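The values are calculated or read from the model by the stated rules, or taken from the named source; none is laboratory data. Please read all numbers here as calculations on a predicted model, not as lab measurements. Methodologically, a virtual Cβ is constructed for each residue, glycine included, from the backbone with ideal geometry; neighbour enumeration extends over all protein chains shown.
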Amino acid sequence: MWFMRKFNLSRLLQAVLLAALVSPSGVVAQDGGIEVLAGHTIFESGARISLSHLYSSRGTLSSGSDEVPNPDSLSLREHRVVLGVNYGLSSNLSLSLLLPYVRREGKLPGPDAGGVESSSEGLGDAALLGKYNFFSEYWKQSAFHISAIGGLELPTGSSNERSGDELLAFSMQPGSGSLDAIGGLALTLSIGRFRFDAHAIYKANSEGSEDFTDGDFFTLGTSFAYRFYHARYPGPSANVKVGLSWRHEAVDEYGGEVLQNTGLEELRVRAALVYHPSPEIDLVALVEVPVHGDYRAAPGAGQLALDVRTFFGFGIRF
């Protein structure tokens, strides 16, 4: 029994070390929804069903604001398909359920030189979110909305995936095993063909599987959109959108102890095209890249920073 406890502890420590450079605490359950972070709610008694695909690639090791050598070609890629259901309970209150399916593959640091290739896939952690529109103002061809957002990320994804007898790195697990709280504010200002959106979201992560805790996450985002094409109703319309997102990820913890090579500040820029072939259909394509970052890392080490993230979404409203 003593030998087995020591063996399992050794395997667990390897998983912690693998997680240290590539902890995905910035991945939040609301990723994948259409209009989830907008300042307005869906119309009264309305509903939207959406399906989206997110792809992210990490292949650059960074320490502080500098890129550092990556001789082992460490990398992490994620495909995330999200089914979203958005339902309007009233004109100022809506609920959203986001259910992701995740596939991850990469080459991560291991106990020996050269890195370890691994992959996993399965149901991810779902999110149940509520949005309450507590302020709205309307003018001719213009509107201003502010909403509060709150909810939970649910431990629906597996957090015990293995390769043989070895526990996969926490960054490779489809789920976290923790029940996490999400809260924030969102606003939307529409003036004619122009639209401005902003949001602030905080995610408080609790302790998950194997005494591992993702660092808390906070983001501020803004975007500016212009409707460059608009046919007479119910004809098609199209918007182009550009925006910025600032992200803070706190350090991860294992057994109450801070893990090195975790925690960051990151500024991202994004561009999107939104097309409505008819008023009830949403088609979205987005690309996002980091333009500045401050990544915590021990001397001689680094974090796998985001290189690019894409989003393609389809939604239909009823």
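Mind counting the residues in segment 256-297 that are closer than 28 Å to PHE212 by Cβ and among the small types (Gly, Ala, Ser)?
Of all residues in segment 256-297, those closer than 28 Å to PHE212 by Cβ come to 256-268, 288, 290, 293-297.
Narrowing the set further to residues that are among the small types (Gly, Ala, Ser) leaves 256, 263, 293, 297.
Going through segment 256-297 one residue at a time, the tally reaches 4.
To keep it simple, each residue is scored yes or no on (1) farther than 20 Å from THR262 by Cα; (2) modelled with pLDDT under 95; (3) touching a strand residue (DSSP E or B) at 6+ places or on another chain (Cβ under 7 Å).
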| site | (1), (2), (3) |
| --- | --- |
| THR188 | yes, no, yes |
| TYR202 | no, no, yes |
| PHE212 | no, yes, yes |
| TYR226 | yes, no, yes |
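To keep it simple, each residue is scored yes or no on (1) aromatic (Phe, Trp, Tyr); (2) modelled with pLDDT under 95; (3) within 30 Å of LYS107 (Cβ to Cβ).
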| position | (1), (2), (3) |
| --- | --- |
| HIS145 | no, no, no |
| GLU153 | no, no, yes |
| ASN160 | no, yes, yes |
| GLY164 | no, yes, yes |
| GLY175 | no, yes, yes |
| LEU179 | no, no, no |
| ILE182 | no, no, no |
| LEU185 | no, no, no |
| ILE191 | no, no, no |
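Condition test on ALA20, is it of a type in the set (A, V, I, L, M) and at pLDDT below 90? Walk me through it before giving the result.
Numbers: of a type in the set (A, V, I, L, M): yes; at pLDDT below 90: yes.
Considered against the rule, which asks whether it is of a type in the set (A, V, I, L, M) and at pLDDT below 90, ALA20 comes out as yes.
For SER94, which of the numbered conditions (1) part of a loop (DSSP other than H, G, I, E, B); (2) small (Gly, Ala, Ser); (3) within 30 Å of PHE135 (Cβ to Cβ) fails to hold?
For SER94, the exception is condition (1).
Restricting attention to segment 227-274, which residues are within 19 Å of HIS199 (Cβ to Cβ) and more than 22 Å from the chain's Cα centre (by Cα)?
Once the filter is applied, which keeps residues that are within 19 Å of HIS199 (Cβ to Cβ) and more than 22 Å from the chain's Cα centre (by Cα), segment 227-274 yields only ASN239.
So for segment 65-79 (the condition being in contact with a Ser or Thr (Cβ under 7 Å, 6 or more places away or on another chain), under 26 Å from LEU187 (Cβ atoms) and modelled with pLDDT of 90 or more), does at least one residue qualify?
No: zero hits.
What pairs can you find where one residue is in segment 66-88 and within 22 Å of ARG309 (Cα to Cα), the other is assigned to a loop (DSSP other than H, G, I, E, B), and their Cβ atoms are less than 6 Å apart, with a gap of 6+ or different chains?
Within 6 Å, the pairs are VAL68/GLY302; LEU74/GLY115; LEU76/VAL22; VAL82/GLY32; GLY84/GLY33.
With the structure loaded, tell me whether GLY106 is touching a residue at least 40 places away in the same chain (Cβ under 8 Å) and crowded, with 19+ Cβ neighbours inside 10 Å or whether it fails that test. Steps first, please.
Details: touching a residue at least 40 places away in the same chain (Cβ under 8 Å): yes; crowded, with 19+ Cβ neighbours inside 10 Å: yes.
Yes, satisfied.
Please go through segment 181-235 and pick out each residue that is of a type in the set (D, E, K, R), more than 20 Å from TRP246 (Cβ to Cβ) and in contact (Cβ under 8 Å) with a residue 60 or more places away in the chain.
GLU210
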